[in-house]
């Protein structure tokens, strides 16, 4: 998915025209009976003068960089990637394990590979009906960790 949003100056919301570009690339591959490997690449790129309230937060929504709390890492741009193994156990129960990495940064030219943060974790899934799961995940990051409970897969 690719999306471009323009906030024109004449709309009165901001004192200059702002741009926001978003892309999401997800892939899913069955690898054995009940096992799926899933991959997610996410990028959000905003104008460098984007107001604080529209900036990117690493990990705040429970879908990417699980285990990082929102508000700790904020900047104009975000780039994340994650790889997840999903395994059906029995009946309506499943589990996942994932690894990922991501970063927020002020401008593309200031992206620094040494600022990339790690992410990994484990989770349980309970299927309520076909393709509707409740999940509880515990994500680990650099000097942080935490639970996420949601009604939807991470991606």
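Please treat every number below as a calculation from the coordinates, not as lab data. For clarity, every value in this text was computed on a predicted model and none was experimentally measured. Methodologically, a virtual Cβ is constructed for each residue, glycine included, from the backbone with ideal geometry; neighbour enumeration extends over all protein chains shown.
The label-point distance for residue 72 and residue 90, in a model that sets each label 7 Å from Cα toward Cβ, rounds to 3.7 nm. Of all the options 31, 116, 136, the one that moves most in a Gaussian network model of the chain with Cα springs shorter than 10 angstrom is 31. Annotation: extensible slack from residue 126 through residue 60 equals 21.5 nm (criterion: 0.36 nm per residue apart, minus Cα-Cα distance). Largest GNM mean-square fluctuation across 127, 56, 84, computed for the chain with C-alpha springs under 10 Å, falls on 127. Hey, what D do you get for the chain in µm²/s if you plug the Kirkwood alpha-carbon radius into Stokes-Einstein at 20 °C and 1.002 mPa s? It comes out at roughly 128 µm²/s.
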